[in-house]
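Q: This is the structure I have questions about; it appears just below.
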Amino acid sequence: MKSAMRMSACGLFALALVGLGACGGTDDRPATWSYVHAAIIAPNCTTSACHSELSKTAGLNFETPESAYIFLTGRVCDGTTGVEPPPRNFVTPFRPAESKLMYLLLGTELETMPPDVPLPEADIDLIERWILEGAQCN
Amino acid sequence: MQLRSWQKIALAAVMAAGVLATSRTARAYPQFQFSTGNTQCSLCHFSPVGGGLINAYGRYEAEATISRGGNGDFLHGLWEPPKWLHLGGDYRGAFLYKKVGVEPHDALFPMQADTYVNIEAGDFSFSGIVGLRAAAREPRPELHERIISREHYVMWRPKRTGPYVRAGRFFAPFGLRLPDHTAYILRYQGFNSLQETYGLSGGMVEKDWEAHVTGFGPAPFWRVGPKAWGGAGTYEHHIGKKAAVGAQAKVAASPEDTQYIAGGVGKVYIEPAKLLVLSEVDLGLQTFDADNSPSRKQLAAYLGLTYFPIQGIMVGTAVERYDEDLDIKDTERDSLNLTVQYFFRAHFELMLMGKLEAQDQDYGDPTVLGLAMLHYYL
């Protein structure tokens with residue numbers, strides 16, 4: 001009975017870690033804004049205590065793709081410039097080395113974002129690819 | 001009972017302290033479910049799924065079996081509210097040290113200040129939590145803009161066991177309800193701080209099992225919480241008085257994506273060793289509305305061990321894994337934490353925690369977090 005109980009507590013965990021946690025292939029995800037926002041920005045940055053519409057930590061609201069695009073690039077999706085609030089050089093299209101966002105994600109020279117645990121390298125690479133391809137609102 | 005003037009001042013000071021700090025999650029410790037000899041969370045809490053305000057029995061348990069003594073009653077027994085009114089609160093302050101990236105950081109900050117109220121009227125009750133949401137960075141919002149109610153609901157429950165229905169704002173019951181909102185099974189599955197949803201929930205709590213079903217949606221008038229619509233269900237079956245297995249599932253559809261999660265939990269208290277095992281594994285499928293965006297399969301897992309060397313002390317360790325896309329290499333993160341909790345008197349807890357987190361199985365350069373926390377419940 002006791003051994004059965006122990007197995008019930010640990011079996012699922014071990015099975016999942018060993019059997020499922022170790023797989024993974026090459027990254028062919030699209031470097032589009034719609035995917036980057038939904039798959040990376042929203043789950044990692046817009047929880048209610050951080051860059052949500054409610055909290056707007058540091059004045060940044062990343063909750064919707066449209067608002068996040070404005071705050072990161074200083075442009076609206078139709079290409080208009082000069083919107084408020086002004087851009088803070090978070091993203092310079094085609095130039096990840098000149099984009100503050102990359103330094104925040106990598107935690108080099110600036111405080112790491114997210115502040116508790118960095119993004120996986122694959123996600124940072126995908127965001128870099130999005131910037132290299134022009135940081136379009138696609 | 002008339003309050004003396006110093007008691008009124010003490011009460012006012014405690015309430016003021018509550019308003020001046022910040023609001024975080026207020027879940028209970030699932031470690032007490034089997035280790036104290038109780039099988040149901042609702043035995044000690046007003047909520048049918050545990051967490052938040054504790055009832056008279058919970059206050060007794062806190063002083064008699066969990067802490068190193070003291071008076072667990074509201075305000076330490078200085079004042080007893082009328083039978084229909086129940087009050088309480090959780091207040092936490094913490095010192096945090098972390099090293100993420102190149103520069104270490106430390107901070108002393110108010111972690112939680114939630115004041116609870118429960119009003120009973122026959123088979124019906126109202127429960128509410130009021131606190132302040134965190135505002136760690138500039139520009140900080142005005143104090144009045146930070147006041148928030150994470151939970152408020154009306155509930156029909158004729159008895160402590162049996163059926164119940166509640167409507168309002170609360171977390172849909174799902175899996176292990178851990179107090180640490182940064183646990184991967186919470187943080188990455190829609191149960192992070194301030195992500196309570198509005199919904200209608202019903203369930204049954206019986207001696208040997210409990211089941212809860214919830215339909216939820218975004219806030220009707222306010223800008224709080226997730227924008228997703230969905231449903232969740234959780235079932236737990238007790239094996240004797242020292243173990244349980246369960247299953248849970250959730251669907252949440254937002255304007256950008258839909259997330260499907262299903263998993264199981266296992267709990268066992270090995271009494272001779274004074275060791276409690278808590279585990280949860282969830283598998284997820286996330287689909288995206290945008291064209292040419294591939295769906296992704298996800299994994300969230302938690303395994304925790306808690307040792308109770310003597311009354312009043314808990315020593316715990318836990319390992320976690322979250323993989324946001326099982327089809328892509330290097331998207332997993334792992335954590336290992338060690339926690340010591342000392343309940344030196346009823347109402348008080350001192351916690352020390354150390355946590356290491358690693359990305360992409362790069363265990364040689366982990367993120368380091370240390371936390372010392374003082375917790376007082378009213």
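Derivation of every value follows stated rules applied to the coordinates shown; laboratory data play no part. Since we're looking at a predicted model, the values are computed, not measured. Don't worry about glycine lacking a Cβ; one is built from the backbone with ideal geometry, like all the others, and counts go over all protein chains shown.
Q: Which three lengths, in whole Å and largest first, does region B:144-294 cover when its Cα atoms are put on their principal axes?
A: 53, 40, 29
Q: Between Rg and the Kirkwood Rh of region B:32-132, both from Cα atoms, what is the Rg to Rh ratio?
A: We get a ratio of 1.08 for region B:32-132.
Q: Sticking with this structure for a sec: What do you get for Rg/Rh over chain B if you use C-alpha atoms and the Kirkwood form of Rh?
A: The Rg/Rh ratio comes out at 0.95.
Q: What does the structure give for A:105-117 when I average, per residue, the other chain Cβ atoms found within 10 Å of the residue Cβ?
A: 5
Q: Something else about it: Using a 10 Å cut-off around each Cβ of peptide A:52-63, what is the average number of partner chain Cβ atoms that fall inside?
A: Details: counts 7, 3, 10, 11, 5, 8, 4, 3, 1, 1, 0, 3.
The mean count of partner-chain Cβ atoms within 10 Å per residue comes to 5.
Q: Okay, moving on. Dimensions of region B:330-370 along principal axes (Cα, Å, largest first)?
A: The principal-axis extents, from largest down, are 45, 15, 9 Å.
Q: Give the span of region B:228-349's Cα atoms along each principal axis, as three whole-Å numbers ordered largest to smallest.
A: 58, 31, 27
Q: Additional query: Would you please state the base-10 log of I(q)/I(0) at q = 0.17, 0.31 1/Å for region B:288-343, with intensities from the Debye formula using one equal scatterer on every alpha carbon?
A: Result of the Debye calculation: -0.66, -1.13.
Q: Moving on. Angle, helix B:5-20 long axis vs. longest principal axis of chain B, Cα atoms, 0 to 90°, nearest 10?
A: Roughly 10 degrees between the two axes.
Q: In terms of Cα to Cα distance under 17 Å, which lysines are near enough to B:LYS274, apart from those fewer than 8 places away along the same chain?
A: A:LYS2, B:LYS241, B:LYS242
Q: Could you list B:SER201, A:SER34 in order of exposure, starting from the residue whose Cβ has the fewest other Cβ atoms within 10 Å?
A: By the 10 Å Cβ count, ascending, the order reads A:SER34, B:SER201.
Q: Most fluctuating residue of B:LEU305, B:LEU78, B:LEU176 in a GNM of chain B with Cα springs under 10 Å: which is it?
A: Between B:LEU305, B:LEU78, B:LEU176, it is B:LEU78 that shows the largest mean-square fluctuation.
Q: OK, next. Would you list, by chain and number, the lysines whose Cα falls below 24 Å from the Cα of A:LYS100, excluding same-chain residues fewer than 8 positions away?
A: Leaving aside lysines fewer than 8 places away in the same chain, those within reach of A:LYS100 are A:LYS56, B:LYS98, B:LYS99.
Q: Relative contact order of chain B, please, whole-number percent, based on alpha carbon pairs below 8 angstrom and at least 6 residues apart.
A: 14
Q: Using the Kirkwood radius built from alpha carbon pairs, what does the Stokes-Einstein equation give as D for region B:99-208 at 37 °C and 0.692 mPa s, in µm² per second?
A: Details: Rh = 16.6 Å.
So the translational diffusion coefficient is about 198 µm²/s.
Q: Count the net charge of all other residues whose Cβ sits under 12 Å from the Cβ of B:ILE66, scoring Lys and Arg as +1 and Asp and Glu as -1.
A: So the environment of B:ILE66 carries a net charge of 0.
Q: At 10 °C and 1.306 mPa s, what whole-number value in µm²/s does Stokes-Einstein give for the translational diffusion of the protein assembly as shown, with Rh from the Kirkwood sum over Cα pairs?
A: 66
Q: Using Cβ counts within 10 Å as a stand-in for footprinting exposure, how do A:ARG88, B:ARG146 rank, fewest first?
A: With the sparsest Cβ surroundings first, the list reads A:ARG88, B:ARG146.
Q: For every other residue with a beta carbon closer than 15 angstrom to the beta carbon of B:GLU206, add +1 if it is Lys or Arg and -1 if Asp or Glu, then tell me the sum.
A: +2
Q: Sort A:CYS45, B:CYS41 so that the residue with the fewest other Cβ atoms within 10 Å of its own Cβ comes first and the one with the most comes last.
A: A:CYS45, B:CYS41
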